[in-house]
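Coordinate-derived values only; no laboratory data. Worth saying up front: this structure is predicted, and the values here are computed from it rather than measured. Virtual Cβ from ideal backbone geometry, glycine too; neighbours counted across all protein chains shown.
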């Protein structure tokens, strides 16, 4: 049986979900339009945003599918974290009281899916004969 408190914690409250969608949308716009100089023209998308219960911390998961050195790009983003947070604050100031602290992480889900897809492609499955 699933513990209801665990499920509630994992999905987040409606308030957390709405706020994470707002942060995701605005950070995506910031990364796409304003901060290309930070990213060295690497194509980066915001895969997910998870909010803390008090909305003070946003865990931002970045997808870097075509980037050669993901760790170096993540380091650059972390160095410019305050600049990104300021741009986010300018965008959401009329919609939210709190501009959360940003924590950036590399999204590993896409890489895992790619590895599984590669394994499936390389399987040697004999044809079924009736």
When 107, 48 are ranked with the fewest other C-beta atoms within 10 Å first, the list becomes 48, 107
For the residue pair residue 114 and residue 75, what label-to-label distance in nm results when each label sits 7 Å from Cα along the Cα-to-beta-carbon direction?
2.1
